[in-house]
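Undergrad: Take a look at this one; I'll ask things after.
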Amino acid sequence: MAEHTRAGSRWLPRILMTPAVVTLFLWMIVPLVMTIYFSVIRYNLMQPDQTGFVGLMNYEFFMTDPDFWPAVWNTLVLLGSVVLITVFFGLAIALLINDPFPGQGFVRILLISPFFVMPTVNALLWKHMMMNPVYGVLAQIWTFFGLEPVNWLTDYPLFSIIIMVSWQWLPFACLIFMTALQSMDREQLEAAGMDGATYWQKLWYLYMPHMARSISVVIMIEVIFLLSIFAEIYTTTSGGPGNASTNLAFLIFKQAQLSFDVGVASAGALLAVVLANIVAVFLIRMIGKNLD
């Protein structure tokens with residue numbers, strides 16, 4: 001009787017979890033299977049009568065697209081630039097406001113508020129309020145100093161996207177770093193100060209080793225989300241001029257919505273998944289050890 005009761009207690013949680021697990025599995029596997037299926041057939045919405053199995057032709061077409069390698073390069077540049085900017089300035093700001101000062105709580109709220117702005121709203125704010133070459137804030141500053149206003153989205157499209165995305169993700173890095181700094185050993189810092197250690201020595205030998213784990217977390221989370229940046233590009237530059245600000249996510253959109261080629265877009269989506277997994281494995285091996 002006791003054995004029967006123990007067996008029932010082991011199986012009951014699994015039975016109760018089964019509907020949720022099956023639902024999650026179907027939610028993940030069905031879109032993946034459909035994407036794989038569409039990637040190996042001819043499926044253009046403008047030519048519905050032309051169908052059939054084409055093998056790897058969609059992948060070849062996507063990878064030989066003149067915009068493919070520029071899109072890969074733009075994706076990596078956008079990813080690396082935003083991560084470097086947010087980690088460097090996020091750490092600097094977190095260290096700057098770590099010590100108590102009047103209004104510290106209010107300043108922290110202001111610092112993290114941009115993270116809660118939706119990507120489309122973020123892009124519109126920068127496009128119209130900051131970077132507009134006629135009435136934008138940056139244009140007014142340039143004019144005040146007697147300089148010619150810059151048409152940011154036309155002359156420096158990818159750099160403009162990097163600024164927008166960095167502004168939105170900087171508060172996230174700041175929040176993680178501020179939280180990590182709160183767990184610093186104050187006695188160790190005071191002892192180092194009494195031993196004559198300068199601020200830069202404490203930063204290098206005490207702060208940075210302590211922050212390694214949080215820096216790793218920020219990098220890994222940002223990389224996961226930044227590989228699929230789309231709203232900022234769609235709202236501001238539409239991938240242009242030419243392909244100057246086109247990343248892989250926007251290139252897939254162009255194939256699916258502008259060229260109506262679902263098969264090629266599906267092949268591109270799977271290539272993007274492969275790229276994301278390569279980056280994830282690289283990150284886990286390089287910096288994941290800090291999470292142990």
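Derivation of every value follows stated rules applied to the coordinates shown; laboratory data play no part. Remember, it's a predicted structure, so these values are computed and weren't measured experimentally. Backbone-built Cβ (ideal geometry, glycine too); neighbour counts: all protein chains shown.
Undergrad: Given the options Phe61, Phe89, Phe106, which has the most mean-square fluctuation in a GNM of the chain, springs set between C-alpha atoms less than 10 angstrom apart?
TA: Phe106
Undergrad: Between beta-carbons, use under 12 Å as the cut-off and find the net charge around Met194, counting Lys and Arg +1, Asp and Glu -1. Please list the in-between numbers first.
TA: Numbers: positive: Lys202; negative: Glu187, Glu190, Asp195.
Overall, the nearby charge balance is -2.
Undergrad: Based on a Kirkwood Rh over C-alpha pairs, give the Stokes-Einstein translational diffusion coefficient of the stretch 38-80 at 37 °C and viscosity 0.692 mPa s in µm²/s. Let's see the in-between values first.
TA: Values: Rh = 12.0 Å.
D, rounded to a whole number, is 273 µm²/s.
Undergrad: Something else: Taking a ≥ b ≥ c as the square roots of the Cα gyration tensor eigenvalues, with a/c under 1.5 meaning rounded and otherwise prolate when a/b beats b/c, else oblate, which class fits the stretch 67-179?
TA: Working: a/c = 2.20, a/b = 1.32, b/c = 1.66.
In terms of gyration-tensor shape, oblate.
Undergrad: To the nearest 20 Debye, how big is the dipole of the chain about its Cα centre, given +1 on the beta carbon of each Lys and Arg and -1 on that of each Asp and Glu?
TA: Values: 12 positive and 16 negative charges, 135 e Å.
Dipole magnitude for the chain comes out near 640 debye.
Undergrad: Still on this structure, please answer the following. Using alpha carbons only, how many angstrom separate the centre of the stretch 23-42 from the centre of the stretch 140-191?
TA: What the calculation gives is 39 Å, centre to centre.
Undergrad: Projecting each Cα onto the charge dipole of the chain (Lys/Arg +1, Asp/Glu -1 at the beta carbon, about the Cα centre), which of Phe159, Phe260, His210 comes out farthest on the positive side?
TA: About the Cα centre, the residue reaching furthest to the positive side is His210.
Undergrad: Going highest first, how would you order 96-105, 124-133 by mean Cβ packing within 10 Å?
TA: On the way: 96-105: 10.1, 124-133: 17.5.
Final packing ranking: 124-133, 96-105.
Undergrad: Shifting gears a bit: Distance in nm between label sites at Phe230 and Val274, each 7 Å beyond Cα in the beta-carbon direction?
TA: In this crude spin-label approximation the distance works out to 2.1 nm.
Undergrad: Please identify the DSSP H helices in the chain that span no less than 15 Å along the helix axis (Cα) and have a mean Kyte-Doolittle hydropathy of 1.0 or more.
TA: Numbers: long enough: 2-39 (54 Å, 0.87); 68-96 (41 Å, 2.09); 157-181 (35 Å, 1.80); 208-226 (26 Å, 1.59); 262-287 (37 Å, 2.30).
Going by DSSP H runs, the hits are 68-96, 157-181, 208-226, 262-287.
Undergrad: So between Val117 and Ile221, what do we pick up on full extension, going 0.36 nm a residue minus the alpha carbon distance?
TA: Details: separation 104, 0.36 × 104 = 37.44 nm, distance 1.78 nm.
That works out to 35.7 nm of additional length.
Undergrad: Can you tell me which of Ala244, Ala173, Ala139 moves the most in a GNM of the chain? Springs connect C-alpha atoms under 10 Å apart.
TA: Sorting by GNM fluctuation, first place goes to Ala139.
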